[in-house]
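Worksheet for the structure shown next.
The numbers here are math on the coordinates, done by the rules we state, and not lab data. Since we're looking at a predicted model, the values are computed, not measured. Cβ: placed from backbone, ideal geometry, glycine included. Neighbour counts: every protein chain shown.
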Amino acid sequence: MNAEVNEPNAMTVATVGSNLRPSTRVVLIKGYDERGIVWYTNYDSRKGKELAGNPFAALQFHWVELERVVRIEGRVERVSEAESDAYFNSRPLDSRIGAWASPQSQVISGRSVLVANAAKYGAQFLLNPPRPAHWGGFRLVPDRWEFWQGRKSRLHDRLRYEPHNGAWLRERLAP
Ligand SMILES: Cc1cc2nc3c(=O)[nH]c(=O)nc-3n(C[C@H](O)[C@H](O)[C@H](O)COP(=O)(O)O)c2cc1C
């Protein structure tokens with residue numbers, strides 16, 4: 001953020017479906033602490049269903065201007081209902097209505113479905129839409145990190161961290 005790169009909070013999330021095919025999409029990181037990395041989404045979306053069946057994911061940030069990549073892998077769990085409520089209630093009204101109006105990743109017959117849904121839920125909930133049960137946070141609990149730093153020489157740095165005897169083992173990988 002200090003470097004003012006574009007969309008510094010955008011990360012790619014890779015999941016794997018029951019057919020063993022990987023899929024990716026971009027989401028925004030909304031929290032991180034010693035427990036892991038959090039983003040919010042629709043639990044009934046493609047990623048939500050894939051994570052329900054196979055709770056492992058990989059995340060990737062690419063900050064082009066800094067020649068930096070961070071790759072993170074681990075198990076994914078849902079955040080608590082209280083955490084999802086708190087974040088949902090902090091969102092602008094349009095976004096809260098949108099969580100009701102958009103059946104994320106389902107086929108719809110046209111944009112009018114979204115507009116009609118937004119009008120319907122807007123009228124129903126007015127200024128206080130509750131969090132839908134199908135919407136909330138996921139937390140990836142990291143068990144592998146890689147920090148990639150590009151260098152002019154092309155002999156780039158790659159540092160990998162993995163748990164080892166209760167600490168993080170740091171190893172350098174060839175670029
Ligand atoms: C910059 C950017 C940020 C996004 N942030 C989110 C997000 O935080 N949560 C989300 O569900 N989708 C977000 N999206 C939309 C997703 O990329 C994707 O279209 C959607 O989640 C459906 O993915 P799925 O069908 O694989 O589940 C974002 C897209 C872009 C381009």
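Run the dipole for the chain about the Cα centre, Lys and Arg Cβ at +1, Asp and Glu Cβ at -1, nothing else charged, and hand back the magnitude in debye, nearest 20.
Numbers: 25 positive and 19 negative charges, 90 e Å.
So the dipole magnitude of the chain works out to roughly 440 debye.
Of the trypsin sites (Lys or Arg not before Pro) found in the range 120-175, those in coil by DSSP whose Cβ has at most 15 other Cβ atoms within 10 Å are ARG151, LYS152, ARG154. In the chain, the longest principal axis of the Cα atoms and the axis of helix 111-125 are about 70 degrees apart.
Does the range 1-96 come out rounded, prolate or oblate, given a ≥ b ≥ c as the square roots of the eigenvalues of its C-alpha gyration tensor, rounded meaning a/c under 1.5 and, failing that, prolate meaning a/b above b/c? Could you put the intermediate results ahead of the total?
Numbers: a/c = 1.74, a/b = 1.09, b/c = 1.60.
It comes out oblate by the Cα gyration axes.
Across the options LEU173, TYR161, SER112, the greatest Cα extent toward the positive end of the charge dipole of the range 112-175 (unit charges at beta carbon of Lys, Arg, Asp, Glu) belongs to LEU173.
In what sequence, highest mean first, do 45-58, 10-23 appear when ranked by Cβ atoms within 10 angstrom? Working shown, then result.
Values: 45-58: 17.9, 10-23: 14.4.
Highest-to-lowest ranking by the protection proxy: 45-58, 10-23.
Restricting the calculation to alpha carbons of the chain gives Rg and Dmax of 18.7, 60 angstrom.
Applying 0.36 nm per residue to the separation of GLU81 and LEU20 and subtracting their alpha-carbon distance, the gain on full extension is 19.0 nm.
Approximating the spin labels as points 7 Å out from Cα along Cα→Cβ, the VAL115-to-SER90 distance works out to 3.3 nm.
A protection proxy built from the mean count of other Cβ atoms within 10 Å ranks the segments 125-131, 35-41, most packed first, as 35-41, 125-131.
With the charge dipole of the range 1-97 set up from +1 on Lys and Arg Cβ and -1 on Asp and Glu Cβ about the Cα centre, the Cα lying farthest toward the positive end among the listed residues VAL64, ALA14, TYR40 is that of ALA14.
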